[in-house]
1. Which pairs turn up if I take residues in segment 224-252 that are more than 16 Å from Ser60 (Cβ to Cβ) and look for partners that are open to solvent by less than 60 Å² (accessible area, probe 1.4 Å) and in a loop (DSSP other than H, G, I, E, B) with beta carbon separation below 8 Å, at least 6 apart in sequence or on another chain?
2. What's the number of the condition His49 fails, among (1) within 20 Å of the chain's Cα centre (by Cα); (2) open to solvent by less than 50 Å² (accessible area, probe 1.4 Å); (3) touching a residue at least 60 places away in the same chain (Cβ under 8 Å)?
3. Right, Ala165: within 26 Å of Tyr124 (Cα to Cα), of a type in the set (A, V, I, L, M), open to solvent by less than 10 Å² (accessible area, probe 1.4 Å) and modelled with pLDDT under 90 or not?
4. Go through segment 76-108 residue by residue and tally those that are in contact with a strand residue (DSSP E or B) (Cβ under 7 Å, 6 or more places away or on another chain) and open to solvent by 30 Å² or more (accessible area, probe 1.4 Å).
5. What are the residues in segment 112-125 that are at pLDDT 75 or above, out of contact with any helix residue (DSSP H, G or I) (no Cβ under 6 Å at 6 or more places or on another chain) and over 27 Å from Ser63 (Cα atoms), if any?
6. Looking at Ile17, is it among the aliphatic types (A, V, I, L, M), crowded, with 21+ Cβ neighbours inside 10 Å and either at pLDDT below 95 or within 22 Å of Pro240 (Cβ to Cβ) (or both)?
7. Name the pairs: first residue in segment 189-215 and within 19 Å of Gly143 (Cβ to Cβ) and free of Cβ contacts under 8 Å to residues at least 60 places away in the same chain, second residue open to solvent by less than 20 Å² (accessible area, probe 1.4 Å) and of a type in the set (Val, Ile, Thr), Cβ to Cβ under 6 Å, at least 6 apart or on different chains?
Amino acid sequence: MDTEAFNQTLALECHHIWKVFSNTSRNGWHRIITKTEAVRGIDLKVPRHQILGILGPNGSGKSTLIRMMATLLIPDQGTISVFGMDVLRHRMEVRRLINRVSVEASFFKKLTARENLAYAAGLYGVPNLRAQQEATRILERLGMPKTKLVVPLENLSRGQQQKIAIARALLTSPTLMLLDEPTTGLDPTSRREVQDFILQVRAEHDATILISTHDMQEAERLCDRIAIIDQGKFVANDSPGELIRLWGENHGLEHAFFRLTGRDLINEQESL
């Protein structure tokens with residue numbers, strides 16, 4: 001990382017971000033265009049070394065927002081900067097500082113876990129031997145045996161594939177990690193192992209982490225602050241304790257979420 005970026009006190013800053021998607025359908029001879037405002041005027045500042053959680057119902061704009069931060073989507077309005085660098089004007093520099101884990105990790109399913117990890121490491125200029133050693137260490141830390149490295153991805157379970165995705169993201173020691181529902185599909189033990197490792201990465205690598213999740217206990221355990229998004233806008237952004245105090249009537253984070261959005265996150269999760 002260059003010195004100027006490293007000295008930034010803000011890891012991530014969003015200013016008045018909007019994203020609108022257009023959908024085209026036909027009614028006879030007539031073409032009908034409908035527009036969906038996925039993200040609406042979002043402002044956000046994330047200090048270095050913080051873990052920020054984003055909670056929201058399905059379709060609330062969580063993943064769209066993260067994809068814009070990751071330079072995978074272009075905002076229609078507003079600016080996003082990572083360590084002071086604009087994600088559009090300095091896209092390649094920003095990509096060297098970030099990595100992303102999504103709920104649907106992309107792999108070459110016919111290749112082994114080791115081959116997928118070697119390919120990803122090569123894209124970032126990480127030497128293959130070092131990448132293999134680091135991948136083995138990370139996966140062992142996540143409770144995954146070495147033997148799984150030589151198994152094609154299509155023959156691994158959903159949870160095992162997600163652990164490979166997390167290992168792939170951590171190979172490059174990213175300074176900003178964007179985790180889009182990283183523990184979805186994991187059993188309780190694996191989920192706890194991933195959470196422990198996220199905290200370890202933050203402590204050992206001075207990483208800043210943004211995580212979207214449906215798991216209230218996960219959000220409370222990991223996050224310094226939680227931003228709740230609904231219909232493309234933030235309706236709250238505070239520490240877990242303050243959200244519970246102000247909105248949860250001391251009944252927990254789920255109660256606060258329901259009061260702020262009018263929706264039950266458990267039912268939202270079951271509809272995935």
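The values are calculated or read from the model by the stated rules, or taken from the named source; none is laboratory data. Since the model is a prediction, treat every value here as computed from it, not as a measurement. Here Cβ is always computed from backbone atoms with ideal geometry, including for glycine, and neighbour counts include all displayed protein chains. Ligands, DNA and RNA are stripped out before the accessible areas are found, and what is left, the full protein with its side chains, is counted by its heavy atoms. Shrake-Rupley method; radii C 1.70, N 1.55, O 1.52, S 1.80 Å.
1. Cβ pairs passing all conditions: Asp224/Gln50; Asp224/Ser239; Arg225/Gln50; Arg225/Ser239; Pro240/Cys223; Ile244/Gly252.
2. It is condition (2) that His49 fails.
3. On the way: within 26 Å of Tyr124 (Cα to Cα): yes; of a type in the set (A, V, I, L, M): yes; open to solvent by less than 10 Å² (accessible area, probe 1.4 Å): yes; modelled with pLDDT under 90: yes.
So Ala165 fits the description; yes.
4. Result for segment 76-108: 7.
5. Glu115
6. Details: among the aliphatic types (A, V, I, L, M): yes; crowded, with 21+ Cβ neighbours inside 10 Å: yes; either at pLDDT below 95 or within 22 Å of Pro240 (Cβ to Cβ) (or both): no.
When the stated conditions are applied, Ile17 does not pass them.
7. Arg191/Thr183; Val194/Thr183
To keep it simple, each residue is scored yes or no on (1) polar (S, T, N, Q); (2) more than 21 Å from Phe234 (Cβ to Cβ).
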site: Arg31; (1), (2): no, yes
site: Thr36; (1), (2): yes, no
site: Leu44; (1), (2): no, no
site: Leu52; (1), (2): no, no
site: Ile80; (1), (2): no, no
